[in-house]
Amino acid sequence: MIINNKPAKLTLAHINDTHSYFEPQALPLKLSIDGQEISPYVSNGGFSRIATRVKQLKVIAAEKNSPFLFLHARDCFKVPYIFHYLRAKQTPKCSMH
């Protein structure tokens, strides 16, 4: 038997620990840069933001002629509010294509 191993090219995107942050939120940071304190805000969460970035990465992969695979670790339906609101009776169906 002859085995012809060839390198494979794949663009992989993986996220984890989104924990029901379906909408984006602003998070305050406190930084000290060269002795000066600054307090910028950064954005966190938001499934629409995630979907937009996944679409952008898919386009970049296609431009490089690379298959694209997006993985989510499935830990998005835990506290805070959405889990309590649904009382864990059903899991909303979220899909990013």
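The values are calculated or read from the model by the stated rules, or taken from the named source; none is laboratory data. This structure is a prediction, so every number in the text was calculated from the model and none was measured. Quick reminder, even Gly has a Cβ in these numbers, built from the backbone with ideal geometry, and neighbours come from all protein chains shown. When the accessible area is computed, the model is the full protein with side chains, heavy atoms only, and any ligands, DNA or RNA have been set aside. Shrake-Rupley method; radii C 1.70, N 1.55, O 1.52, S 1.80 Å.
Details
- Contour minus Cα-Cα distance for Ala51 and Asp17 (0.36 nm per residue): 10.7 nm
- Extension reserve of the Asn44-Ala26 stretch, reckoned as 0.36 nm per residue once the Cα distance is removed: 5.9 nm
- Computed FRET value (nearest 0.05) for Ile2 with Ala73, which takes r as the C-beta separation and R₀ as 35 Å: 0.35
- Surface share of carbon and sulfur [accessible, 1.4 angstrom probe, percent] for the stretch 1-65: 55 percent
- Full extension of the chain between Ile60 and Asp34 yields a length gain of 5.7 nm, computed as 0.36 nm times the residue separation minus the alpha carbon distance.
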